[in-house]
Every structure is written in C-alpha cells, then in structure tokens.
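Below: one structure, written as structure tokens.
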Amino acid sequence: MPLIYLDHAATTPLDPVVLEGMLPWMAADSGFGNPASASHAFGAEAASAVERARRQVASLLQAPPEGAIFTGSATEAINLAILGRLRFAMQRGRGRHIITCATEHSAVLAACEQAQREGAELSVLPVDAAGRISLAELRSELRDDTALVSLMLVNNETGVLHDIPAVATALREHSAMLHVDATQAIGKLPVQVPALGADLLSLSAHKFHGPKGVGVLWRCPRPRLRLQPLQFGGGQEGGERPGTQAVHQIVGLGLACEQAGQYLGSEGPRLKALRDRLEQGLFDAGIPVQCNGAGPRAPHISNLSFPGVHGEALLAEVGEELAIAAGSACTSRSGRGSHVLRAMGVGDAALLSAFRFSLGRGSREADVDQAVSVFSRAVRRLLAISPEAAGVARRA
Amino acid sequence: MPDYSAAVLDHFRRATGAGLLDPGQPRFGTATVGTVKSGVKVVFQLGLSADGRVDRVGWLAFGCPSTIACCSWFAEALPGCDVATAEALLHDQVMQALAVARDVRARVLVVEDAALAALRMADQESERTR
Ligand SMILES: Cc1ncc(COP(=O)(O)O)c(C=O)c1O
C-alpha cells in the first residue's frame, strides 16, 4: 500500500506546473544567466524572470512588488525581519523591545533570543488553551521603545490563527512594526498585506507546492522600512540580501504563488471539508480524541491527541501506512514535547500522544478515511494494553 | 520513524501476555512503576506455582515500542523459571535479546523494576502460604 502523505505543513510536493516552469532555468544552454549581468541577453532574461516572479509574489499578497526580498527560506526571511529590524532600530535609537508569542515557530523564537543576546528586550505573550493571545495583554506589553511585534498568521502545529488585522489595529497609533510569519497560510487562506496591516511578512515556497530553498521577506517599501542586512556583498535585493539570486528557485516561487492564487478559492473550503471529515471520523470511532487548538483555524491542519497511548508507540503502529508528524516528547527535538502544546497548557497524556495531520492539494477523501481507519485500529490496540485506559482487559 | 530492532518490533506487535491477571489467585505479585509524565508507566503482574516457578504473567504498559516489547519478552521468558533464575533473567538479558537502542534503556529499566517488584511480592506471598 502506498504511504499516505499527511504532513503538508512540513513540506508539499512540487506542483508539476511549477517544475515545468523552472526547468528552462536549469538548462545547460540557456536560462543560466546571472540577473546582475546587465550587459548581455543572458543576464537580462534572468533579471526579467526574477522581476516577473517578484510581481507574481506581489500580486498574491496584493502589495507593491518592490517590497519583496528573495531569501533562501522562511527561516532566513524571519531572521532578516527580526534581526535586521532590531539591529537597525537599536543603532538608530528607535527602540529595542520585541513582542512575540510563546507558540511561534522556532525560527522566530530563536531569532528573538539572538536579538536579546545583542541587547534587545523580549516579551513573550502567553496563549490561552485555544492557542490565542489576548489583545489586552499585547496592548499592556507595548512600550515606547517597542520596535517590533512578530506574530504568525497560522500556527504550524495547530493551525490556530492569530487575529492579525486586530493586532495591526492595536498597533496603529504606535511606532512598532508588525512582522507576520505567514509561512503556513499561503495557498490556504487569503494573505493580503493591506488587509492584514503587516509591515513585514515572511513566506516559503515549499509550503505551497513550490521548490525548497527559496522564501520571501516582504517589507513595506513606501515609506521604505529600513533593515540592517544580515549578509554583506553585492547589491542584490537592494543590498538587503546580497548574493546572486537563485533564478530557477525564484521562478518556481513566483509560479507557486500564481498557482496558489488560482487554487485558493476552491482549496480552502475543500481542505476544511477534508479536515472536518477526518476529525469527525475519529470522534465517531469511539476512541479518546482531544483536539488541540480550538480557536479559529486554518483549514489544512488538525492537531489531535489520543490520551492513554504513547505517541511513539502509535507512530510505530501507523507509520507504515501514514506519513504524519508526531509531536510527542520522544520525537521532538527538545525531548520535552511540543513547546506550542505546552504553552497551551496541554496535559502530559495529551502532550505525549499528539499528532499533527496536515492536508494539501493531493489529499483526497479516501486518504482521510484510510487515516481514520488506521488510527482507530491502532489506538484501540494500544489502549487494550495500556494501564491508562479505562476498563482494561483482564486475562485469566 | 525511529529505528527499532526487528526483535523490538516483533514483540511490540505480538504483545504476548498483555492484560491483567486475576488477583484472587494464590502467590500473586503486582507492581506499578513509572508515570505518564515520564513517558513510561508499567503494571507488571505474575504468579508462582506451588513449586515456586513463574506460571503466569500479565502486564499493561504505557510507553514506546521498546517498553511494550520488553513486557512481551518477559512474558515469554519468565514462565517456568524459579525465582532465582527469574531474577537473573530480569537483570541482564532483555537489552541484548531485544537489541534495545541505548537512548531508551532507561525505559526498559522501568519494566525491569516493575517485574522484579512483582516477582518479590509473589515470592513473599508464597512464603507466607508455605
Ligand atoms: C510557521 C513557520 N514559520 C517558518 C518556517 C520555516 O520555513 P523554512 O523551512 O522555509 O525555513 C516554517 C516551516 O516549518 C513554519 O511552519
């Protein structure tokens, strides 16, 4: 039986249209030009491909194209947003305080901690059991020297949304910039800079059927939001991300944005229906299931725990049929379980049995039904041998 | 998925002896060791025959595949052993028999502790009834 892929929040397969569009930029006899080589046609065609991709990104985000800085990943975009902005602000006496949230991706948390080591001050907002921050708490953390607020649009483990437009409204009278990590939102929800009110926004192509190794930091170009570059070299990307652009990757990113825009209207509702079918199927199976993150969510992620069984044992049971992310302590890098679920106050039994189901363009009803059947069978078997299950079997 | 030895996977799937014993039987021992928070919790039970040999084993386990496999291996290896042989077996054979990965050995020790405590309880019970 082929492995069913339910880990689209980790990465997505490349869209064939995107692959086809990228191939001419990896050929031996053409498409190899350096976009900075303005003196000949090879360079000019590469430069124009990069600019076309910039417009494709901008069109999806409904934002000016000159705001898009191509990077090597969302992690790099996030680092440039946080460290680039904080270093600039601290140098110019424009604040040294960052506000973020306990459930952010490690790229955000680690970049904030690095800024802290460099002299910034950090406030990390807690979340409630549903995974949401309180706007009142955000307001109370705002200080005159707050330079940046960094919050994700969609949580990568639970799918829970932060109300970014409301955050932007709360910041309207304040000089702090708003960075939005939109990595998990592109292609699943409308991500429009004007509606969000973001000053900076990060994304990564491989999360929406584009290639790995390319991302974007969009930053407000008018008035130009200033960043301190993290690398030094040529003047590419306005000098803010120097280094020869990876034309084939950037072309792929642009096409993936175009495809995401085309699919958005139908994919959002389709993924939500599939996710609801998955959750309902598991709830109806009569096994203990806990949904982690009850707040408004993106349509493609469901974080579920199966209290009474250990996540590692469950993964060993389902892993031959389903490619899925387990969030239990033993499989997480920290060894202490997901920092996101811990911040939400999820208890030990649920923490150790948490799985992230994430759906994508290739997911079908049959995949979801198979996942329900594989999980129900596995959970039942493990509960039958668990001291944590109510009403355990007794042998003679 | 983490790498498990073939023996761990085999015992994890077979789960020989899973379930609880009837506590009303004579020469019965039971022990619960570990916590959900620590990632391993094991209930281990066994009974001794009138001539002092393990004649029944039961267990329940919350834990990783190696934990469950270890319970199953004990359930196959212990029956027929007298107390001294059972103690020796509990002490040093399971890690090798199952080729347990080094980083999960602490969890296997929890199963050993539970089995040993159940064995001692059953042994004391049997002394009392002798
Ligand atoms: C919310 C979020 N932010 C950032 C990242 C980092 O993305 P990249 O793999 O492009 O560095 C991820 C990917 O896991 C993510 O889910």
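The values are calculated or read from the model by the stated rules, or taken from the named source; none is laboratory data. Predicted model only: the values in this text are computed from it and were never measured. So basically every Cβ, Gly included, is an ideal-geometry build from the backbone, and we count neighbours across all protein chains shown. In case anyone asks, the SASA skips ligands and DNA or RNA and just uses the protein heavy atoms, side chains included. Shrake-Rupley method; radii C 1.70, N 1.55, O 1.52, S 1.80 Å.
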Only Cα pairs under 8 Å and at least 6 apart count here; give the relative contact order of chain A as a rounded whole percent. 21 percent
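I need the peptides A:258-269, B:59-70 ranked by packing, meaning the mean over residues of other C-beta atoms within 10 angstrom, with the highest value on top.
Ranked by mean Cβ neighbours within 10 Å, highest first: B:59-70, A:258-269.
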Positive end of the dipole of the stretch A:35-144, charges at C-beta (+1 Lys, Arg; -1 Asp, Glu), about the Cα centre: which of A:Ser37, A:Ala111, A:Leu138 has its Cα farthest in that direction? A:Ser37
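If you place +1 on the Cβ of every Lys and Arg, -1 on the Cβ of every Asp and Glu, and leave all else neutral, what size is the dipole of the protein assembly as shown about its Cα centre, to the nearest 20 Debye?
Its charge dipole is roughly 820 debye.
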For the stretch A:179-327, which whole percent of the accessible surface, found with a 1.4 angstrom probe, sits on carbon and sulfur atoms? 53 percent
Give me the distance between the Cα centres of the stretch A:128-194 and the stretch A:43-107, rounded to whole Å. 16 Å
For residues of B:56-63, the mean tally of beta carbons on other chains within 10 Å: 6
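Can you quote the Å³ per residue value for the convex hull of the Cα atoms in the protein assembly as shown, rounded to an integer?
Each residue corresponds to 168 Å³ of Cα convex hull volume.
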In Å², nearest 100, what accessible area do chains A and B bury in total when the solvent probe is 1.4 Å? 2300 Å²
Within 10 Å of each Cβ in A:311-322, the average number of Cβ atoms from other chains: 4
Take every DSSP beta bridge whose two residues both sit in the protein assembly as shown, then give the antiparallel share in percent to the nearest 5. 65 percent
Charge dipole magnitude, Cβ of K and R +1, D and E -1 - the stretch B:6-123, Cα centre, debye nearest 20: 420 debye
Taking the Cα centroid of the stretch A:10-40 and of the stretch A:276-324, what is the distance between the two, rounded to the nearest whole Å? 39 Å
Measure of exposure for B:Trp73: accessible area at 1.4 Å probe, Å² rounded to 10, is 40 Å²
Using a cut-off of 27 Å between alpha-carbon atoms, which lysines can reach A:Lys207, once sequence neighbours fewer than 8 places away in the same chain are excluded? A:Lys188, A:Lys272
Can you give the extra length, in nm with one decimal, that the chain gains between A:Glu118 and A:Phe88 once fully stretched, where that is 0.36 nm per residue apart less the Cα-Cα distance? 9.6 nm
Net +/- balance of residues flanking A:Gln259 in space, Cβ distance below 14 Å, scoring K and R +1, D and E -1: -1
Using protein chains only and a probe of 1.4 angstrom, how many square angstrom of B:Phe28 are accessible, to the nearest 10? 20 Å²
Working from Cα positions, state the angle (0 to 90°, nearest 10) between the long axis of helix A:74-91 and the longest principal axis of chain A. 60 degrees
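Please give the per residue volume of the convex hull enclosing the alpha carbon atoms of the stretch B:6-123, rounded to a whole number of Å³.
Values: hull volume 9.6 nm³, N = 118.
With only Cα atoms used, the stretch B:6-123 gives 82 Å³ per residue.
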Ordering A:His339, B:His91, A:His310 by how much accessible area each has at a 1.4 Å probe, largest first, what is the list? B:His91, A:His339, A:His310
Which residue, chosen from A:Leu125, A:Val160, A:Ile99, occupies the Cα position most advanced towards the positive end of the dipole of the stretch A:84-180, where the dipole is computed from +1 (Lys, Arg) and -1 (Asp, Glu) charges on Cβ about the Cα centre? A:Ile99
Only counting protein heavy atoms at a 1.4 Å probe, give the residues of the stretch B:21-44, ordered by number, whose accessible area falls by 30 Å² or more when the other protein chains are present relative to the chain alone. B:Leu21, B:Val36, B:Lys37, B:Lys41
Any idea what angle helix A:365-384 forms with the longest principal axis of chain A, computed on alpha-carbon atoms, 0 to 90 degrees, nearest 10? 50 degrees
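Take the solvent-accessible surface of the protein heavy atoms, probe 1.4 Å, and return the percent of it on the stretch B:6-123 that carbon and sulfur atoms account for. Numbers along the way, then the final one.
Working: 2310 of 4440 Å².
Taking all protein chains in place, the stretch B:6-123 shows 52 percent carbon and sulfur surface.
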Where only protein heavy atoms count, and the probe is 1.4 Å, what is the accessible area per residue for chain A in Å²? 39 Å²
With a 1.4 Å probe and all protein chains left in place, how much accessible area per residue does the stretch B:9-130 have, in Å²? 41 Å²
